[in-house]
1. For the structure I just gave you, tell me whether TYR176 is over 23 Å from the mean Cα position of the chain (by Cα) and of a type outside the set (A, V, I, L, M, F, W, C).
2. Within segment 85-95, is there a residue that is crowded, with 18+ Cβ neighbours inside 10 Å, at pLDDT 95 or above and β-branched (Val, Ile, Thr)?
3. Considering only residues that are modelled with pLDDT of 95 or more and not hydrophobic (A, V, I, L, M, F, W, C), look in segment 193-224 and name the one that is farthest from GLN337 (Cα to Cα).
4. Only residues that are in contact with a Cys (Cβ under 8 Å, 6 or more places away or on another chain) and part of a loop (DSSP other than H, G, I, E, B): list them for segment 320-367, please.
5. Considering only residues that are among the acidic types (Asp, Glu) and either under 20 Å from GLY25 (Cα atoms) or outside the structural domain of PRO194 (by TED's automatic domain parsing) (or both), which ones fall in segment 305-357?
6. Quick one: in segment 153-168, of everything that is closer than 20 Å to ASN305 by Cα and of a type in the set (A, V, I, L, M), which residue is modelled with the highest pLDDT?
7. Taking ASP113 and the conditions (1) touching a helix residue (DSSP H, G or I) at 6+ places or on another chain (Cβ under 8 Å); (2) at pLDDT below 95, which numbered condition does it fall short on, given that it satisfies the others?
8. Go through (1) modelled with pLDDT of 85 or more; (2) farther than 15 Å from ILE22 by Cβ and name the single condition ILE47 misses.
Amino acid sequence: MQKLNRCIKMKFCFRADASLHIGSGHVVRCLTIADALVKQGHESYFICRQHQGNLIEFVRQHGYMVYVLPEPALNNSDSLSEYQRWLGVTEQQDAQETLDILKEQPVDWMIVDHYGLSIVWQQIVRQQVNWIVAIDDLANRQHDANIILDCGLANTPEDYAKLNKRKGCHLTGPSYALLRPEFRTKRLWLEQHPKSYNHENLRILVNLGGIDKDNLTGTVLELLSHSQQRQHLSVTVVMGINAPWKESVVELSKKLPFHSTVLINANNMADLMAEHDLAIGAAGSTAWERCCLGLPTIMVCMADNQKMIAKYLHDLGGAVSLDQTELNEKLLMTLQQFNQMHLSIMHQKALSITEGLGTDLLLKTIFSEEFNAC
């Protein structure tokens, strides 16, 4: 195995996509890693496919070169898995297109965050790159990776050792959640400024993913308008720039019987989470942000790949989990259960789940002298 020279500037490539179906979380957490690498003097670029609802311009606005893979032809074949349809092409085609870019722009490390890519893709890409980090949550496919990172609660290093062809480092658990540094900073601030709750003035943060293609945000706001507590609510809604229902939600917010604010593409999520008493949020990567800051949450499970995280956080007491099909029946009933004591207990339990140091831990592993022994 080639030995890394850790004394020189290194180059990283990120392969991740965003779309109306994939959401934005994979690209956002890769940006978090890229930003940390830049601070250490390293260089990064991205490879993204031009899906509908992509974040290519968003990544460029953060200062990164993006090599764009062409928009795929629609392929809804029953022979393809959900995640293969997310990719839009075969793994072999995606790997070859990636390989063509790597030949022109060689890198030391490839970091891949995509449920549609597996050992098939990784072994082809290895023609041009020696070191691969695979970010995974599912443990449902084989890998050929030097490092696998899964910040979820369900899978263990032993699970990934069985799936990884290579003897690699397997980093699992919420301590590896890839959070931007402002969440750690705000957590330390909260330790010096403990939260207090007033049930007569309940501040709710609604953030149902960057896309929310089914407009669950609108459903939640309509339900809250019928809450017995509506006179005591103050609601902030955060939506992504590519959210297809954002204009509709803005119009709806003007008619609600409580104070509401709609923010598009907010860049101060740590501040917003610290300022609110309760979140109604998706069971995706933002779940770890809320845990880091101890924000009690009614967590809405919006996809099959979110079910495991929703179940575990519910069982740990860091959130109350609802499936999106249960919103009409259970949301208001669940909301009524939150009193000052309940919020305080959930705040402490959520805080215990992750400290927000996952990016630092990943980079420490990448650049560790002991890495080759892992």
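The values are calculated or read from the model by the stated rules, or taken from the named source; none is laboratory data. For clarity, every value in this text was computed on a predicted model and none was experimentally measured. All Cβ positions, glycine included, derive from the backbone under ideal geometry; neighbour counts span all protein chains shown.
1. Working: over 23 Å from the mean Cα position of the chain (by Cα): no; of a type outside the set (A, V, I, L, M, F, W, C): yes.
In short, no.
2. The answer is no, given that none of the residues of segment 85-95 is crowded, with 18+ Cβ neighbours inside 10 Å, at pLDDT 95 or above and β-branched (Val, Ile, Thr).
3. Selected residue: ASN215.
4. First pass over segment 320-367, keeping only residues in contact with a Cys (Cβ under 8 Å, 6 or more places away or on another chain): 321-324, 350-351, 353-356, 358, 365.
Answer for segment 320-367, where residues must be in contact with a Cys (Cβ under 8 Å, 6 or more places away or on another chain) and part of a loop (DSSP other than H, G, I, E, B): ILE353, THR354, GLU355, GLY356.
5. As a first pass, look at segment 305-357 and keep what is among the acidic types (Asp, Glu): 315, 323, 326, 329, 355.
The answer is ASP323, GLU355.
6. Out of the qualifying residues, it is LEU163.
7. In the conditions (1) touching a helix residue (DSSP H, G or I) at 6+ places or on another chain (Cβ under 8 Å); (2) at pLDDT below 95, ASP113 misses (2) alone.
8. Unmet condition: (2).
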